[in-house]
1. Along the charge dipole of the stretch 311-429, which of His335, Ser415, Leu393 sits closest to the positive end, that is, farthest toward it, with unit charges on the beta carbon of Lys, Arg, Asp and Glu (+1, +1, -1, -1)?
2. Over the stretch 499-556, with the other protein chains present, what is the accessible area per residue in square angstrom, probe 1.4 angstrom?
3. Which of the peptides 348-360, 529-541 is most tightly packed, and how do the rest follow, judged by the mean count of other Cβ atoms within 10 Å per residue?
4. Hey, which of these cross-link pairs are over 32 Å Cα-Cα: Lys504/Lys670; Lys409/Lys565; Lys431/Lys565; Lys328/Lys666?
5. Relative contact order of the stretch 184-326: what whole-number percent is it, with Cα pairs under 8 angstrom and at least 6 residues apart?
6. To the nearest 20 debye, what is the magnitude of the charge dipole of the stretch 354-465 about its Cα centre, counting +1 on the Cβ of each Lys and Arg and -1 on the Cβ of each Asp and Glu?
7. Given a 1.4 Å probe and every protein chain left where it sits, what share in percent of the accessible area of the stretch 406-476 is carbon and sulfur?
8. Stretch Leu289-Asn367 to full length: gain in nm at 0.36 nm per residue minus the Cα-Cα span?
Amino acid sequence: MKQKTVLLLTFLLHVNFLSATTVTGFEATYNHGQVFCTWNNLTSAGIQYRLYQSTSPIIHGSQLAACDYLGAVRDSSSYNKRLSEAESEPYFFKIDSLAFPLDVNTGLFVTTTVLDGSFYYALTTVAFGIEDTTIIPGVNSLNNPVSEMVERPLPVYQVTLVVSSHMADVYVLYASLTATELFPRMVNVGSYPFNFAVNRNGFPPHPLTIRLSGGGSNFLSGIFSDAAPDEYRIGLDDWLPNDERSSWFGYHEQYDIFSHDNPPPVTGINYDYALQRLEYIIDWAIRNLPVDSNSIYFSGVSSGAAGSFFASLTYPDRIAAASLNVPKFDLSFLHDPDTTNNYNEGMPGRLRVDTLLGTVPTNLTTNSGVPTYDLLNGGWLAHEHANDNVPLLFAVNGKRDTMVGWAEKIPYYDSVNANRLGGYYFWDLRKHNGDGENWIFSPDLFRYHRNVSFPAFSNCSVNDDPGNGNLSSGDSLGSINGFLDWNDFIYDDSSDYHLGVFMKDLPVHFGAVITPDSCFTDLTLRRLQNFNVPPSAMILWETVHGSGVVQKDSFLYSGGLITLKQVKIFKDTSLIRVSFTIPTQVSIPEDHPQQFSLFPNPANGQITIDGIMISSTNILVTISDVTGKKWSESTFVNFNKDQNIVIDVGEFATGIYFVNVNGSVKAFVKQ
């Protein structure tokens with residue numbers, strides 16, 4: 001009898017355990033490409049809730065092994081922790097903009113539809129590491145399937161807040177392990193909500209600024225400051241539930257976003273979850289808000305500036321311009337001369353990134369197939385996107401900034417010049433918090449648009465010297481391209497391109513830095529709209545100052561970016577005029593085996609052909625005009641590459657001429 005009593009008690013305890021770990025009230029609804037599952041939470045803490053999907057009814061736990069496992073959520077899955085912390089009061093998620101928020105007793109799991117069809121769902125629980133696979137149809141398993149189709153999911157409106165006398169509409173974008181071509185992976189857990197805020201102003205068409213928060217701030221921080229009258233702003237943050245940040249890039253596929261104890265990964269793949277989310281929200285804004293898609297901007301401070309920088313170069317066709325206040329340009333940089341630098345080896349910032357993505361020497365691959373620390377090296381990105389429609393970047397940094405570092409800026413500045421990226425870069429003796437700043441940094445981003453060309457300056461003769469990375473080297477106050485600017489009206493048609501470029505004084509807190517009277521700079525025509533030069537055409541350009549032409553040059557165009565070398569810019573404006581002509585009867589082979597230079601150019605009496613590199617000892621030199629008429633032809637037998645060739649062009653008519661040396665062609669202007 002005693003043994004029977006023990007068995008009965010054991011059975012009753014087992015029944016109680018099962019009933020205590022099986023949820024009730026399980027429901028699922030489909031909306032805009034996602035399924036929203038809710039249930040009654042268990043009263044116990046520390047429970048995980050696992051979601052399964054099947055094409056047939058799930059009526060027994062033995063079926064779960066054959067079902068699709070969609071991931072798990074933890075306790076309080078309906079609680080909007082990030083918004084609650086930002087506003088210091090509790091908020092719960094909505095799963096429909098017109099519905100009431102969920103409550104503390106309700107669980108939430110959102111999964112993205114990957115196939116059209118009808119599907120059944122079931123929910124199990126895990127307590128103390130043990131999964132209760134009990135299935136009770138109609139209780140924790142659906143009796144009826146959910147009809148679904150693959151669509152582009154929409155963020156769900158949550159609430160409108162008044163923050164510092166401004167209105168902010170808060171939305172949540174629900175991400176999941178499941179993803180499609182319309183909705184990329186943004187997280188490595190089953191279901192996860194991302195908050196963002198929209199601030200609306202004025203009348204359309206609206207420019208849109210994407211404001212990325214820095215460390216220690218949230219998605220509501222800074223989105224209202226200095227907003228333009230008709231500007232829309234979207235505020236996002238980079239927060240993870242373990243109170244870490246993904247550096248606005250992403251993290252390893254095995255990184256536990258709920259844990260404070262993640263070791264640096266040594267194998268596997270890093271995913272650009274945060275960048276994917278940024279791109280998706282930008283596209284959502286273009287589709288669903290009355291914003292001008294040609295007038296979208298990034299703005300950020302500290303890690304938000306770094307995120308704006310990496311996103312601008314990763315998605316250059318989306319962004320018109322970006323304002324970057326104390327950004328980091330290279331997360332692979334390990335050895336700043338200042339040993340207190342936060343991203344040197346062994347320092348807190350570096351250790352945090354190591355746990356997210358692995359160490360720099362490990363350099364794990366990413367979901368795009370590119371090594372992680374290539375994608376997070378601004379110099380590499382500048383090279384990779386050199387020929388793309390990169391946005392105009394404005395950045396200010398400090399030589400005493402030990403948080404993001406100074407020495408990493410030097411190779412990036414070199415890459416900006418080498419790859420003709422343009423943009424404006426400033427530095428002074430500020431610290432990361434702004435102490436010691438001198439530059440007044442307030443770029444007017446709204447001057448610039450994706451559908452308007454701009455000149456990208458490089459190798460400017462009045463650029464300041466940033467030094468070698470040590471605090472004491474180079475100029476303490478300086479800029480790259482800072483003195484240069486252009487008039488907003490640019491003439492950009494199919495055959496001609498004109499713009500006015502000038503030099504300006506620069507405001508600082510103690511007055512102004514006075515510009516020189518003139519300078520020389522390379523000038524690259526970026527984001528050309530209508531000026532369409534065919535390959536093998538001859539590009540002609542001139543600089544006009546006052547009433548006279550002060551420069552005139554030409555070169556054979558072989559495709560890609562158009563760069564005018566060492567243009568002279570005056571303080572009171574230089575007019576740059578660019579056109580092209582298509583030579584006739586001039587054969588230009590794809591492979592030019594010869595190399596040479598011409599001077600002077602423009603020429604009057606004679607031209608000298610110098611530096612001829614030949615593959616044979618016999619060369620033929622011909623000079624023709626744009627009509628193909630031959631004006632000179634000379635044959636040189638047993639030619640020595642150290643020779644110069646001088647040809648008299650004094651009797652040539654004024655115009656453009658082509659010098660052909662064994663198939664390699666260069667142009668000169670006869671004055």
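The values are calculated or read from the model by the stated rules, or taken from the named source; none is laboratory data. Please read all numbers here as calculations on a predicted model, not as lab measurements. Neighbour counts are summed over all protein chains in view; Cβ atoms, including those assigned to glycine, are modelled from backbone coordinates with ideal geometry. Keep in mind that these areas ignore ligands, DNA and RNA; they rest on the heavy atoms of the full protein, side chains included. Shrake-Rupley method; radii C 1.70, N 1.55, O 1.52, S 1.80 Å.
1. Farthest towards the positive pole: Leu393.
2. Details: 2440 Å² over 58 residues.
Per-residue value: 42 Å².
3. On the way: 348-360: 19.3, 529-541: 16.1.
The peptides rank, most packed first, as 348-360, 529-541.
4. Details: Lys504/Lys670 34 Å; Lys409/Lys565 25 Å; Lys431/Lys565 36 Å; Lys328/Lys666 42 Å.
Going by Cα-Cα distance, Lys504/Lys670; Lys431/Lys565; Lys328/Lys666 fall outside the 32 Å limit.
5. On the way: 267 pairs, mean separation 39.0, N = 143.
Over the stretch 184-326, the number comes to 27 percent.
6. Dipole about the Cα centre, nearest 20: 200 debye.
7. Working: 1230 of 2770 Å².
Carbon-and-sulfur percentage of accessible area, whole number: 44.
8. Details: separation 78, 0.36 × 78 = 28.08 nm, distance 3.03 nm.
Length gained between Leu289 and Asn367: 25.1 nm.
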